[in-house]
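First comes the structure, then the notes that go with it.
The values are calculated or read from the model by the stated rules, or taken from the named source; none is laboratory data. The structure displayed is predicted, hence computed values, not measured ones. Cβ placement follows ideal geometry from the backbone for every residue including glycine, while neighbour counts extend to all protein chains displayed. Note: accessible area is taken over every heavy atom of the protein model, side chains too, but ligands, DNA and RNA are not part of it. Shrake-Rupley method; radii C 1.70, N 1.55, O 1.52, S 1.80 Å.
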Amino acid sequence: MHDMTARSVARLQTWPEEIRSTTKLSWPLILGQIAQRLMLIINVVMMGHLGAKELASGTLAMAMLNPILLCTGGILAAVAPLTAQAIGAGDKSGGRAFFQQGMWLSVILSCLAVPLLYNTGTALEFLGQSPELSLQAGEFAKALCFMLPPYMVMLVARNFLAAHGQTVVALVILVAGAALNFAICYLIVENVWGLGQYGLFGIGLSTALANLAIAVALLFYISSNPRTNVVAPYRGLHRMDLLSLKAVSIVGTPIGAATLLEVAFFSASSLLMGYQGDAVLAAYAMSGQLNGLAFAIPTGIGVAAMVRVGWAYGARSWIAMQRACFVAIGLGVGTGLCVGLMYAMFPSLFISIFIDVTVAENDAVVRIATLFLYIVATMQLVDAVQGIVSNVLRGMSDTFVPLLLVLTGYWVFGFPVSLILSGPAGYGGTGVYIGLLIGVVVVAVALTGRLLYHLGEMKEAAERAFVPAFPHELPVVLGAEIKDH
């Protein structure tokens with residue numbers, strides 16, 4: 001932990017100012033999460049237009065790709081808190097070392113991930129998938145291999161920009177990249193200029209091209225933006241700094257592992273839903289999509305909180321950290337409550353996005369989906385808390401213990417409950433969702449306890465270091481906030 005005796009000279013923000021600052025930093029991150037999710041949805045839709053076999057093959061390839069994206073994305077996410085801490089500490093390089101070593105790490109991770117994805121077809125056939133689907137999925141995965149390096153570079157650039165508070169232009173670039181991906185996919189599906197011959201492979205290449213365009217645009221923006229160019233972000237990029245590379249890896253690896261554990265928990269729940277019949281699985285697919293879309297909000301707020309906590313942590317300001325934490329959690333709970341109420345009050349409206357609720361033969365699916373959506377509505381509050389608090393802890397470089405808490409909450413408590421309630425207890429799909437809810441609650445409570453422990457520890461350190469200039473003076477030492485960057 002930093003030496004808690006240092007003082008910061010910047011002015012402490014009031015609660016309303018903290019709310020405005022966090023909101024200003026959050027909304028582009030939220031929309032960016034949605035845009036990134038829409039890019040994947042566009043690919044699925046376009047694959048469906050090519051045909052059922054193409055959709056099935058593409059889905060299999062994406063199932064192999066997603067764990068790679070999640071794990072590497074988690075590791076590279078460490079660039080944001082480490083850069084924010086450097087900025088908060090007054091480092092004139094603005095966290096340049098973490099940005100550059102994040103770039104090096106993206107190269108290393110790409111070298112490890114590309115061979116895995118390249119052999120998707122062989123792996124699927126070994127796992128018992130049909131040779132025809134495995135072959136098509138393998139070809140699609142080979143095209144997606146070209147996506148991995150620019151995708152990882154894009155993540156490093158976005159994290160670096162977020163740490164410097166530069167999120168609006170990054171959002172515009174991301175949306176433009178998603179539009180480019182859609183345009184190329186549309187030309188392929190409609191066979192414009194004979195591009196239809198590339199089929200599934202072409203959709204993979206369009207995704208790679210869109211990510212390349214986003215990465216290049218972000219790197220150019222970093223070099224041209226006065227806020228980031230002033231730190232000379234590319235000076236010495238050709239040199240590998242093992243100390244900074246190690247720091248990024250130590251903080252990032254548990255983030256990647258925790259992300260995988262969480263996704264595996266929900267994926268395993270999908271398998272349990274599959275045993276309950278087609279109607280239950282379809283209802284779970286719809287409610288799951290709505291839950292995932294809603295989670296973009298606390299994710300964006302959480303990243304903003306991670307940055308603001310990182311600034312305060314680097315400045316050794318426990319009061320600023322406390323305010324950043326509680327404001328972010330309050331915003332997450334507030335938005336989660338709003339989303340939950342909408343889901344609970346208008347379930348048919350949201351379900352109608354996926355299925356015709358007026359058709360009699362869909363009544364069973366609609367009824368089950370409505371019940372599931374009520375549970376999802378309940379989950380919004382605790383899911384928002386766990387998503388934001390996990391990012392807050394990352395802002396303090398605390399990632400290993402949260403990994404253990406995620407493992408315990410989801411796999412020691414949540415999944416066994418889902419397994420028992422959906423099987424022997426006879427609650428079916430509802431039992432699976434109850435297990436999901438319990439897992440999220442346990443993780444949220446455990447992570448919040450961890451956060452309160454940190455804040456208490458820092459407060460005690462500040463009070464020990466405080467020497468009042470006159471009687472009754474409050475311990476405002478370490479209580480200054482970093483101004484917006």
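Key figures for this structure:
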| read-out | value |
| --- | --- |
| Longest to shortest principal axis, alpha-carbon extents of the chain, angstrom | 77, 54, 36 |
| Dipole of the chain, positive direction: furthest Cα of G252, L437, A377, with charges on the beta-carbon | G252 |
| Computed helical MRE - 222 nm, the chain, DSSP H runs ≥ 4 contributing -39500 (n - 2.57), nearest 500 | -26500 deg cm²/dmol |
| Magnitude of the charge dipole, segment 323-449, Cβ model with Lys/Arg +1 and Asp/Glu -1, debye to 20 | 360 debye |
| Listed residues L205, L171, C145: farthest to the positive end of the dipole of the chain (Cβ charges) | L171 |
| Which of G51, P16, W193, positive extreme of dipole for the chain (C-beta unit charges) | P16 |
| Residue-wise HN-Hα coupling along segment 100-106, computed from phi with Karplus coefficients 6.51, -1.76, 1.60 (Hz; x: Gly, Pro) | 5, 6, x, 5, 4, 5, 5 |
| Part-to-part distance (alpha-carbon centres) for segment 118-181 and segment 389-448, which is given in Å | 28 Å |
| Backbone HN-Hα couplings from phi across segment 435-446 [Karplus 6.51/-1.76/1.60, Hz, Gly and Pro as x] | x, 4, 4, 5, x, 5, 4, 4, 5, 4, 5, 5 |
| S267/C111 FRET efficiency (R0 22 Å; Cβ-Cβ; nearest 0.05) | 0.25 |
| Net length gained if the chain between T59 and L243 were fully extended (0.36 nm per residue, minus Cα distance) | 62.3 nm |
| Order by protection proxy (mean Cβ within 10 Å, highest first), peptides 245-252, 347-354, 71-78, 297-304 | 297-304, 71-78, 245-252, 347-354 |
| Exposure of I329 as accessible area (Å², to 10), given a probe of 1.4 Å and all protein chains | 30 Å² |
| Segment 22-70 and segment 224-254: distance between their alpha carbon centers, rounded to Å | 28 Å |
| The chain - charge dipole about Cα centre, Lys and Arg +1 at Cβ, Asp and Glu -1, debye rounded to 20 | 1360 debye |
| Normalised convex hull volume, segment 217-339, alpha-carbon set, Å³ per residue | 185 Å³ |
| Burial ranking of peptide ranges 439-449, 228-238 (average Cβ count within 10 Å, highest at the top) | 439-449, 228-238 |
| Mean Cβ count within 10 Å, highest first, over the residues of peptides 96-108, 275-287 | 96-108, 275-287 |
| Segment 1-152 - charge dipole about Cα centre, Lys and Arg +1 at Cβ, Asp and Glu -1, debye rounded to 20 | 540 debye |
| 0 to 90° range, to nearest 10: angle between helix 242-274 axis and the chain longest Cα axis | 40 degrees |
| Calculated from backbone phi, Karplus (6.51, -1.76, 1.60) coupling profile of segment 298-312 in Hz, x at Gly/Pro | x, 5, x, 5, x, 5, 4, 5, 4, 5, 5, 5, x, 4, 5 |
| Cα-based reach from K142 at 30 Å (exclusive), listing lysines while leaving out same-chain residues under 8 positions away | K53 |
